[in-house]
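**Q** Dropping the structure in here first, questions after.
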Amino acid sequence: MEKEERFLPIGTVVLLKGGRRELMITSYCIVPNGEVYDKSGKVDATGKMFDYGACFYPEGMVTSDQLFAFNHEQIDRVCFKGYVTEKQEEISKVLNGGLEEMKKAQESA
């Protein structure tokens, strides 16, 4: 069985565990600089790096405060897989190979 890639292509539409709305992946390895919330309310994510940044689908990012940050293990279902190219596969391999080190460096900075 082929190992699932941790970094899905930009443009992939997902539903998070417990989520009610689909999100479209727009970025990788984001560090939020504003307030961060989860289901229970505001959380401290100071210096924390997340696997993905996303916006509501199908609306897209209407205002800059509608960016969602989440990690791969929070994905319940992939609704649509984004466009895959050789470049995207290269980026995914690089990210898969060094994400944990990047997260540790970011959190200790």
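**Q** Per DSSP helix of 4 or more residues, -39500 (n - 2.57); summed, then divided by the residues of the chain. What does that give at 222 nm, rounded to the nearest 500?
**A** Value at 222 nm, helices only: -7500 deg cm²/dmol.
**Q** Using the structure shown, list the pairs from Lys39/Lys93; Lys42/Lys93; Lys39/Lys104; Lys39/Lys81 with a Cα-Cα distance above 29 Å, or answer none.
**A** Lys39/Lys93; Lys42/Lys93
**Q** Output ³J(HN,Hα) for the stretch 59-73: one whole-Hz value per residue in order, computed from phi by the Karplus curve 6.51 cos²θ - 1.76 cosθ + 1.60 with θ = phi - 60°, and x for Gly and Pro.
**A** Residue by residue, the stretch 59-73 yields 5, x, 8, 7, 10, 5, 8, 9, 8, 10, 10, 7, 9, 4, 5 Hz.
**Q** Report ³J(HN,Hα) in whole Hz for each residue of the stretch 8-23, in order, from the Karplus equation J = 6.51 cos²θ - 1.76 cosθ + 1.60 where θ = phi - 60°; Gly and Pro get x.
**A** 6, x, 4, x, 5, 9, 10, 10, 7, 4, x, x, 10, 10, 6, 10
**Q** If you compute volume of the Cα convex hull per residue in Å³ for the structure shown, which of (1) 134; (2) 98; (3) 121 do you land on?
**A** Looking at volume of the Cα convex hull per residue in Å³ for this model, the match is (3).
**Q** Separate question: What GluC sites (Glu not before Pro) does the stretch 4-102 have in DSSP loop regions with at most 16 other beta carbons within 10 Å? Kindly include the intermediate steps, with their values, before the conclusion.
**A** Working: sites: Glu4, Glu5, Glu22, Glu35, Glu59, Glu73, Glu86, Glu89, Glu90, Glu100, Glu101; in loops: Glu4, Glu5, Glu22, Glu35, Glu59.
Answer in residue order: Glu4, Glu5, Glu22, Glu35, Glu59.
**Q** Tabulate in residue order the Karplus-calculated ³J(HN,Hα) for the stretch 26-36, using 6.51 cos²θ - 1.76 cosθ + 1.60 with θ = phi - 60°, rounded to whole Hz; enter x for Gly and Pro.
**A** The phi angles translate into 10, 7, 10, 6, 9, 10, x, 10, x, 6, 10 Hz.
Where a number appears in this text, it was derived from the coordinates with a stated rule and is not lab data. Keep in mind it's a predicted model, so treat the numbers as computed, not measured. Please note: Cβ atoms are built from the backbone with ideal geometry, for glycine as well, and neighbour counts cover all protein chains shown.
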